[in-house]
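Here's the structure, in structure tokens; my notes come after.
The values are calculated or read from the model by the stated rules, or taken from the named source; none is laboratory data. For clarity, every value in this text was computed on a predicted model and none was experimentally measured. Cβ placement follows ideal geometry from the backbone for every residue including glycine, while neighbour counts extend to all protein chains displayed.
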Amino acid sequence: MDKLKLRASIRQRRASIPEDERYAASVQIREALLDQPWVQMAGLVACYWSTGAEPATHGLVFALWKHGATVMLPVLRDDLDLDWAVYDGPDTLAPGRFGIMEPVDVRRGVDAVRTAALVIVPALAADRSTGVRLGQGGGSYDRALARVGPNVPTVALLHDGELLDGVPAEPHDRPVRYAALPGGIVRLGEGRPAE
Ligand SMILES: Nc1ncnc2c1ncn2[C@@H]1O[C@H](COP(=O)(O)OP(=O)(O)OP(=O)(O)O)[C@@H](O)[C@H]1O
Ligand SMILES: [Mg+2]
């Protein structure tokens, strides 16, 4: 299946998830992440503010911030690359491009993501054996992930059924190390669960 078809089918599937189920899944994903030592230890986290039927990150962002982490959220640029700004509580967001909420704080530049100790990204699907992720089609996160060092944990948040065997990949696609699903955290690229 090509990227366009796979995106369409996952978007359609997501749209059919009842709101209460999606909320429950998001809570499970959040708890699974907050249980991980490498999440608890991260002082600077790059995350995203979810929209639509994505696994919701609002509670996760709030919890990380409450626990004392500095959380950066993306600010979408005209060229679809990602700038970053710091979240400092629920009152520090305002609608940006496509109505997505963005921090009102000063922009730290596209390279700010290089300084994160943990990078949490959206995805429509991820490949269990390679870690390649399928995004919404802007290439924004491929650009951001290309700036992240090899030892920084990277996580894609997925609904059940979105961790696949075989995701179409192009040379610019950047893999992630983990997938976070309602059932727990899966280490990708090695076929074994996260430690
Ligand atoms: N490093 C890059 N520099 C410039 N453009 C890029 C880069 N990576 C990807 N792109 C552009 O983004 C387009 C979309 O890429 P792709 O289909 O992989 O998006 P995606 O992975 O679904 O989106 P996202 O990364 O935002 O989740 C590509 O056709 C390419 O033109
Ligand atoms: Mg891609």
Item to check | Qualifying positions in the range 150-170 - within 12 Å of the chain's Cα centre (by Cα), part of a strand (DSSP E or B) and aliphatic (A, V, I, L, M) | outcome: VAL155, ALA156, LEU157
Checklist entry - Looking at the range 12-31, which of its residues are under 11 Å from LEU181 (Cα atoms) and β-branched (Val, Ile, Thr)? => result VAL27, ILE29
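So that you can scan it fast, the table gives a plain yes or no per residue for (1) aliphatic (A, V, I, L, M); (2) within 14 Å of LEU188 (Cβ to Cβ); (3) more than 16 Å from ligand 2 (Cβ to nearest atom):
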| residue | (1), (2), (3) |
| --- | --- |
| VAL86 | yes, no, yes |
| ASP91 | no, no, yes |
| MET101 | yes, no, yes |
| ARG107 | no, no, yes |
| VAL110 | yes, no, yes |
| PRO122 | no, no, no |
| GLY135 | no, no, no |
| ALA144 | yes, no, no |
| LEU157 | yes, yes, no |
Checklist entry - Hey, among the residues in the range 60-104 that are farther than 25 Å from VAL27 by Cα, outside any helix (DSSP H, G or I) and of a type outside the set (A, V, I, L, M, F, W, C), which one's modelled with the lowest pLDDT? => result GLY96
Next on the checklist: Can you say whether ARG143 is outside any loop (DSSP other than H, G, I, E, B) and either at pLDDT below 95 or farther than 23 Å from ARG14 by Cβ (or both), as far as the supplied structure shows?
Outcome noted: yes
Checklist entry - Is there a residue being over 25 Å from ALA144 (Cα atoms), in contact with a His (Cβ under 9 Å, 6 or more places away or on another chain) and in a helix (DSSP H, G or I) anywhere in the range 23-30? => result yes
Checklist outcome for this item: Every listed condition ((1) part of a helix (DSSP H, G or I); (2) more than 14 Å from the chain's Cα centre (by Cα); (3) of a type in the set (A, V, I, L, M); (4) under 13 Å from ILE120 (Cα atoms)) holds for ALA42 save (1)
Checklist entry - Looking at VAL113, VAL104, which one is without any contact (Cβ under 8 Å) to a residue 40 or more places away in the chain and not small (Gly, Ala, Ser)? => result VAL104
